[in-house]
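This report concerns only the one structure given below.
The values are calculated or read from the model by the stated rules, or taken from the named source; none is laboratory data. Please read these numbers as outputs of a predicted model, since none were measured by experiment. Cβ coordinates were reconstructed from backbone atoms using ideal geometry, including for glycine residues, and neighbour counts include every protein chain displayed.
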Amino acid sequence: MANVHQYKVKDAAGNEVDLSRYRGKVLLIVNTASQCGFTPQYKELEQLYQQYHDKGLVILAFPCNQFGGQEPGSDSEIQQFCEINYGLSFPVMSKLMVNGPEASPLFEHLKDSARGLMKTRAIKWNFTKFLVNKDGDVVKRYAPRTKPASIAQSIADLL
């Protein structure tokens with residue numbers, strides 16, 4: 001059965017990243033946007049990363065402009081925004097699509113593995129979060145309103 005480790009994505013510089021490099025790590029994968037009401041969650045995500053990174057947590061942010069055009073910048077502009085405003089030290093990857101015919105294969109897998117409210121497949125908004133165990137299996141999907149700090153115990157349990 002497929003898992004997250006079988007996918008490749010692009011980092012902000014356009015380099016291919018094989019997600020198998022994260023085998024043995026717990027992943028929190030988030031679709032993000034710089035001009036969203038949930039953008040301040042970057043602060044809590046960074047706090048989670050600082051708290052658990054040494055124990056094996058990796059957070060991967062994937063900017064997406066599909067929801068209200070709230071991520072209009074280029075990959076380099078997004079990197080600059082995240083660094084200046086939130087001091088992010090976890091990877092912010094290349095901008096991608098999470099829904100529709102051009103959706104990233106990774107996000108297609110995430111949506112198939114963990115459905116949303118009312119068993120919906122589509123991602124409804126920015127800052128939807130997917131928790132992935134050390135084996136690359138999607139454990140849970142969290143709605144955009146779910147504060148990153150409330151996921152801390154679930155992350156600790158997987159580590």
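Restricting to the range 2-26, and then to whatever is aliphatic (A, V, I, L, M), at pLDDT 95 or above and within 17 Å of Ser104 (Cα to Cα), can you tell me which residue is surrounded by the most Cβ atoms within 10 Å (Cβ to Cβ)?
For the range 2-26, the residue satisfying everything is Val4.
Candidates in the range 90-132 are the residues that are farther than 24 Å from Glu44 by Cβ and hydrophobic (A, V, I, L, M, F, W, C); of these, the one that is surrounded by the most Cβ atoms within 10 Å (Cβ to Cβ) is Ala103. The helices (runs of 4 or more DSSP H) located wholly in the range 48-159 that include 3 or more residues which are at pLDDT below 95 and within 19 Å of Asn3 (Cα to Cα) occupy 105-113. Scanning the range 8-23 for residues that are within 20 Å of Ala114 (Cβ to Cβ) and under 14 Å from the mean Cα position of the chain (by Cα) yields Val9, Leu19, Tyr22. Test of understanding: among Asn99, Asn126, Asn133, which residue is within 25 Å of Asp54 (Cβ to Cβ) and not acidic (Asp, Glu)? Going through Asn99, Asn126, Asn133 in turn, the sole match is Asn133.
This table checks each residue for (1) under 14 Å from the mean Cα position of the chain (by Cα); (2) closer than 19 Å to Glu71 by Cβ.
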position	(1), (2)
Ser104	yes, yes
Leu110	yes, yes
Met118	no, no
Phe127	yes, yes
Asp135	no, no
Val139	yes, no
Pro144	yes, yes
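Determine whether Ala152 is out of contact with any strand residue (DSSP E or B) (no Cβ under 6 Å at 6 or more places or on another chain), surrounded by 14 or more Cβ atoms within 10 Å (Cβ to Cβ) and in contact (Cβ under 8 Å) with a residue 60 or more places away in the chain. Against the criterion (out of contact with any strand residue (DSSP E or B) (no Cβ under 6 Å at 6 or more places or on another chain), surrounded by 14 or more Cβ atoms within 10 Å (Cβ to Cβ) and in contact (Cβ under 8 Å) with a residue 60 or more places away in the chain), Ala152 qualifies.
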